[in-house]
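The block underneath contains the structure these notes are about, expressed in structure tokens.
The values are calculated or read from the model by the stated rules, or taken from the named source; none is laboratory data. The model shown is predicted, which means the values in this text are computed figures rather than measured ones. A quick note on method: Cβ atoms are made from the backbone with ideal geometry, for glycine too, and the neighbour counts reach across all protein chains shown. Remember, those area values only see protein heavy atoms, side chains included, never the ligands or the DNA or RNA. Shrake-Rupley method; radii C 1.70, N 1.55, O 1.52, S 1.80 Å.
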Amino acid sequence: MKKLLLFVLFLIPLVFTAEAQTRRIKFILEAWETTDHSQTRKCRELVDDFFEHAITPGQKQSYYREIILLKQYVQNHPDPRLKVRLMIYEFHIRLDSSFRRDFFDEAINLAYPLKDDQLNAELYLLRGSHPLSPDTRLFYNLKGIEMQKKIGIRYFPYGYVPYYEVSRCLYDLGDYRKAIDYGRQFMAIYHAAGSLLLPDHYVFQCDILGASFKNLNRFDSARAYYKRILQMPRPKMTNLDSTLWSGIAKGNIGQTYTREGKYTLALPLLTNHLQAASQLNDRLNIVMAQNAFADYYLRQGQYGRALSAASQAYDTASRYTLLPQLMDAAQYISLIHRRRNNISEAFYYNDLYHSYKDALREQNKKGAFSVIQAQLAFDKLQHSLAISQSVALQQRQKQQLILTSISLLLVIMGLLYNRKRIKDRAKLEKIAADYQNAQAEIDQARERIRFFTRLIVEKNNLIQSLETQNKWQIPPAELQNQLLSNAIITETEWEKFREEFTKAFPYFFLRMHQNAPNITPAMERLAALIFLGLNNYQIANTLGISKDSVTRGKHRLRSLLCLAHETTLEEYLFDL
């Protein structure tokens, strides 16, 4: 009993966990199926939930198992929108080097037929932030910004991020004025974003703006942005080392004072930068701080200290291939040797300076050229997608036309069939009506024939009665007159009789003529009366002839019909 209780207690949390996971999957799918302007916010909230709760490896594995279930659902329920949303979600929470370069090209291909500009804007911005695609960063972020403006930036929770990406790319290309322009737009959107703030990006943007103004010799503006970094509350700098960034900000402010000749203000700030970088072993900032000291001492004519600082910067930059800092260090060393009249060393380092400068310029050219290449690749992709969609549309139209034609043909065939069916039914009804009418006429004709036959029988009875009366009281001349006055069949009566007989028995005379083409009207009369079942006496009285004449007529009719000896005339006529 205890084991059973323990087993049940073990199953209870599993059941609740599975139920909670099912609800979570349903919640995610509902967010992914959204098509209105709230879609980006809903889907981004899922990603923010991951970064807020997936801290430990175990918690992250829970989300990764969730992705497996979502993949199974999308596989079993194919839908382009769900597939694209799954790819975006997976990219966000599994951001690593495992994603291939064409990952988002595939997503863009899937999303294009949906004609959803907001979804496409998300894909372009993620494509621009791909860690393996720095050459396309500028173009796709610019494209994303363009679509954000078209849709409404308020519908994009972190809509300020692409402005920083563009500002940084332009700074790396040496276009400081445009870098400042996009940086200022970042600041305006960032401060209007409410609670959806990324402090790291704010610090990076202040650094880009400060450095751009410094390179344009606008030192007051440069110091203003670096002071913003110093004024930020330290707890907000969650993913950045506050000591290092405080040193970076102070070091850059110190450089502006150096260029203005305010060396007393510059020295402690430059020293703080070098100390902070050395403390954290940040080689890039160590080299930048050493170059700043080389400039600081060179401007004051302290060539020994300047050469020491520049040489240290050169060695470190050369060891770690820090090209911009290597160029600055070579320039400082060349200037120092020139001031000391060490011409050969001055020329040597000046050549190095120009070679590094040319290499850096080539990098910038490649960066600018990559934007053109990205534009061409994008146009090619759009053209390919447009052609694919056009082909698909033509195929759908062709299929629709075929289906419409088939449907129309079926309708026409149905109408024709229905029309024929109605005609056939009308014909059948007419045939049935004609048959009923004909049958009615036949029945009526047969009834009249039966009446006529009874009349003949009654007349024969009358004749017999007259003959009986004659034995006792009627003279022979008077009897002859009575018989003539009661003639059974005259020519007129025969024609009427023949007409009614033909209606009652349509094939009798026809078959008689087929079997005996030379049959005479007298034989026809005889055959008809035999068929009606009259005896010789009745036939004789009906035709006004003797019984012997009837017997002879039957004999001639048998001969004409070529009847076998065993076949009686009555049987033959009844079978017609």
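Tabulated values for the structure
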| quantity | calculated |
| --- | --- |
| Whole-number accessible area per residue in Å² for the stretch 37-121, which is evaluated in the context of all protein chains at 1.4 Å | 52 Å² |
| Probe 1.4 Å, accessible area per residue of the stretch 147-211, Å² | 43 Å² |
| In Å², nearest 10: area of Asp116 left accessible to a 1.4 Å probe | 20 Å² |
| Calculated FRET value between Asp358 and Lys115, using beta carbons and R₀ = 60 Å, to 0.05 | 0.80 |
| Alpha-carbon centroids, the stretch 306-347 and the stretch 534-576: separation in whole Å | 152 Å |
| Distance (nanometres) between label positions extended 7 Å along Cα→Cβ at Lys227 and His37 | 3.8 nm |
| Spin-label zone in the stretch 405-433 - amide nitrogen under 18 Å from a point set 7 Å from the Cα of Ala440 along the C-beta vector | 428-433 |
| Label point distance in nm, Ser308-Leu197, each placed 7 Å from Cα along Cα→Cβ | 4.3 nm |
| Residue-wise HN-Hα coupling along the stretch 342-353, computed from phi with Karplus coefficients 6.51, -1.76, 1.60 (Hz; x: Gly, Pro) | 8, 5, 4, 5, 4, 5, 4, 6, 5, 4, 4, 4 |
| Full-stretch length increase - Ser546, Gln399 - with 0.36 nm per residue and alpha-carbon distance subtracted | 43.8 nm |
| With DNA, RNA and ligands ignored, accessible area of Lys262 (1.4 Å probe; Å², nearest 10) | 90 Å² |
| Rounded to the nearest 20 debye, dipole of the stretch 477-575 from Cβ charges on Lys, Arg, Asp, Glu | 200 debye |
| Using a Förster distance of 41 Å, the FRET efficiency for Asn518-Leu428 (Cβ separation, nearest 0.05) | 0.50 |
| Accessible surface of the stretch 477-575 [probe 1.4 Å, protein heavy atoms]: carbon and sulfur percent | 53 percent |
| In Hz, Karplus ³J(HN,Hα) per residue of the stretch 156-164 (6.51, -1.76, 1.60; θ = phi - 60°; x = Gly, Pro) | 10, x, 10, x, 7, 4, x, 5, 5 |
| Kirkwood-Stokes translational diffusion coefficient of the stretch 477-575, alpha-carbon pairs, 37 °C, 0.692 mPa s, µm²/s | 229 µm²/s |
| Furthest towards positive pole of dipole, Ile539, Phe497, Thr520, structure part the stretch 477-575, Cβ charges | Thr520 |
| Accessible-area value, Val166, 1.4 Å probe, nucleic acids and ligands omitted, Å² | 0 Å² |
| Highest to lowest packing among 324-336, 557-569, scored as the average C-beta count within 10 Å | 324-336, 557-569 |
